[in-house]
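The values are calculated or read from the model by the stated rules, or taken from the named source; none is laboratory data. As the structure is a computational prediction, the values presented were derived from the model and not from experiment. Cβ placement follows ideal geometry from the backbone for every residue including glycine, while neighbour counts extend to all protein chains displayed.
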Amino acid sequence: TSSITQERVETLGNLGFIWLLQRTVDWDVRLEELRQYKVVHGHCNVLQMFSENRQLGNTQRKKHNKFLEGDISSMTEEHIE
């Protein structure tokens, strides 16, 4: 979690701070990777350190954990189904 407040965001913005967002892979790309994983392995339980695609395992686990904890996550009930 971030400790940055709205006031700090505004202060940085007033200084001309440029917010760079980390580039993320589109949901559809990861979904296709997961579909391919399931074809090969017969399940969707991707190991977090899956050697062929570490980002797939990391991304899936992080989003699922956030969802379970009620935090903001791009994983929705629809995505899980």
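The table below lists the values:
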quantity	calculated
Inter-residue pairs, beta-carbon under 6 Å, first without any contact (Cβ under 8 Å) to a residue 24 or more places away in the chain and in the stretch 26-40, second loosely packed, with under 11 Cβ neighbours inside 10 Å, 6+ apart	LYS38/CYS44
Residue match in the stretch 52-69 (condition: of a type in the set (Ser, Thr, Tyr), assigned to a loop (DSSP other than H, G, I, E, B) and modelled with pLDDT under 80)	no
